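The values are calculated or read from the model by the stated rules, or taken from the named source; none is laboratory data. Note that the structure is predicted; figures quoted are calculated from it, not measured. Glycine also receives a Cβ, built like all others from the backbone with ideal geometry; neighbour counts cover every protein chain displayed.
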Amino acid sequence: METVKASYAAILDRGDLEGFLSFFAEDGALVEADSLPYGGRFVGADAIRGALIKMMESFSAFSFKPDVYATADEWVIAYGTFEVTVRSNGKQVSFPLAEATHVVDGRIKLINPVYGDTAAILEALK
């Protein structure tokens, strides 16, 4: 859980993309819903960086505020509220989000967000 919370602090509290990436294993992966403009499976720091930059280009602000953390073996589940503001039109979207993170030896092997409402993001991006 320490690794997940520290990685969130890097990207969400400090806006430190490189600090966030430093928590990933060399073959770490980020999976985003295929329906989103930044969707897909991204493996390795360069691919993850590119996906996150594309996401950040879509939004002028984004946040994830976990209310609950749960752990099981090498997995951490964070559940809370995801909020974004669309850069092109100022529309705001907020909905539940769960992120399943697989951590091995203190390094992130996988982050897989489970969005409460991807359709809301797509509608806001119009």
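Things to note:
- Screening VAL68 on (1) in contact (Cβ under 8 Å) with a residue 40 or more places away in the chain; (2) farther than 18 Å from GLY15 by Cα shows it passes everything except condition (1).
- Contact annotation: residue pairs with Cβ atoms under 8 Å, 6 or more positions apart or on different chains, pairing a residue in region 95-115 that is under 10 Å from VAL4 (Cα atoms) and of a type in the set (A, V, I, L, M, F, W, C) with a partner that is modelled with pLDDT of 95 or more and not in a strand (DSSP E or B), are VAL103/THR3; VAL103/VAL4; VAL103/GLU74; ILE108/THR3; ILE108/VAL4; ILE108/SER7; ILE108/PHE23.
- Among residues of region 30-51, those that are touching a residue at least 24 places away in the same chain (Cβ under 8 Å) and more than 16 Å from VAL114 (Cα to Cα), counted: 3
- Look at (1) under 23 Å from SER94 (Cα atoms); (2) surrounded by fewer than 16 Cβ atoms within 10 Å (Cβ to Cβ); (3) touching a Leu at 6+ places or on another chain (Cβ under 9 Å); (4) at pLDDT 95 or above and you find that ASP16 fails only one, number (3).
- Among the residues of region 86-99, those identified as surrounded by fewer than 16 Cβ atoms within 10 Å (Cβ to Cβ) and part of a strand (DSSP E or B) are GLN92, SER94, PHE95, PRO96.
- GLY90 passes every criterion in (1) under 17 Å from VAL4 (Cα atoms); (2) over 16 Å from the mean Cα position of the chain (by Cα) apart from (1).
- Region 54-78, subset among the charged types (D, E, K, R) and assigned to a strand (DSSP E or B), residue surrounded by the fewest Cβ atoms within 10 Å (Cβ to Cβ): ASP67
- Region 14-29 residues that are over 19 Å from GLY40 (Cα atoms), paired with ones that are outside any helix (DSSP H, G or I) (beta carbon under 7 Å, 6 or more apart): PHE23/ARG107; PHE23/ILE108
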